[in-house]
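The values are calculated or read from the model by the stated rules, or taken from the named source; none is laboratory data. Note that this is a predicted model, so its numbers are computed, not measured. Positions of Cβ are backbone-derived with ideal geometry, glycine not excepted, and every protein chain shown enters the neighbour counts. Surface areas here come from the heavy atoms of the whole protein model, side chains and all, with no ligands, DNA or RNA. Shrake-Rupley method; radii C 1.70, N 1.55, O 1.52, S 1.80 Å.
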Amino acid sequence: MKLRQGKVGKSVLIAFAFFCIVLFIVEVGPIRKTKSILYEEKIVAAKICAQAFELIKALRDSLNIPIDEINDPNQTGLIGYQYSLITSGRSDLQSKLTSTNPNFAALFVELLYRAKVKKGDLIAVGWNGSYPALNIALLSAVRALGVKP
């Protein structure tokens, strides 16, 4: 079997480019922007969570409680010292930093919706002090949905 040598013809390249453009239009064309279920509640929960984070940071500042700049580079005030009198063990710093995103409140709204929780329902809430930002995010979602913890 002899392999073809030389350049590919312009007509073949033009046909292939046209084919790719058609496939792109077919793939992207029907995309419509739609709001997710409970969009407004998710936005409210994330805003409540962000406000709570700001209040905690302001309280720490007013009480002159220093923020660990090494472990809390975003200066949230929600990441404590790695070793102190109240720490029970070492945990993953990256997961703690990730948990300080207020959008976790919107995730909790989605999870509570999937669990068929409705306004006024009583839910059980359990947590520990390892991830205080997630605790605040959950309470923000609870408030946004009008659920009783």
Review point. Just the accessible area per residue of the range 1-78, please: how many Å² with a 1.4 Å probe?
Key: 86 Å²
Check your understanding: If you roll a 1.4 Å probe over the chain with all protein chains in place, what percent of the accessible area is carbon or sulfur?
Key -> 63 percent
Check your understanding: Which order do I21, I67, I43 take by accessible area at a 1.4 Å probe, largest first?
Key -> I21, I43, I67
Study note, to complete from the structure: When every protein chain stays in place and a 1.4 Å probe is rolled, Y131, Y113 sorted by accessible area with the largest first are Y113, Y131
Review point. Assuming R0 = 41 Å, what is the FRET efficiency of K116 and I31, from their Cβ-Cβ distance, to the nearest 0.05?
Key: 0.85
Point to revise | Given charges at beta-carbon only (K, R positive; D, E negative), |dipole| of the range 20-67 in Debye | key: 60 debye
Exercise for review: Specify which residue in the list I43, F19, P132 is farthest towards the positive end of the charge dipole of the chain, using unit charges on the beta carbon of Lys, Arg (+1) and Asp, Glu (-1), about the Cα centre.
Suggested key: F19
Exercise for review: Round to the nearest 10 and report in Å² the accessible area of E54, as given by a 1.4 Å probe over the protein chains' heavy atoms.
Suggested key: 120 Å²
Check your understanding: In what order, largest first, do T98, T76, T34 sit by accessible area if the probe radius is 1.4 Å?
Key -> T34, T98, T76
Study note, to complete from the structure: Of the listed pairs K57/K116; K96/K148; K42/K119; K57/K96; K33/K96; K57/K148, those with alpha carbons more than 23 Å apart are K57/K116; K96/K148; K33/K96; K57/K148
Practice item. Give a quick list of trypsin sites (Lys or Arg not before Pro) in the range 1-85 that DSSP marks as loop, anything other than H, G, I, E or B, with at most 10 other Cβ atoms within 10 Å. Key: K2, R4, K7, R32, K33, K35
Check your understanding: Relative contact order for the chain using alpha-carbon pairs under 8 Å, separation at least 6, rounded to a whole percent?
Key -> 28 percent
Exercise for review: Taking Rg and Dmax of the Cα atoms in Å as the quantity of interest, determine which of (1) 19.3, 60; (2) 18.6, 70; (3) 25.2, 82 was computed from the displayed structure.
Suggested key: (3)
**Study point:** DSSP-loop trypsin sites (Lys or Arg not before Pro) across the range 116-149, with at most 12 other Cβ within 10 angstrom
**Key:** K116, K118, K119
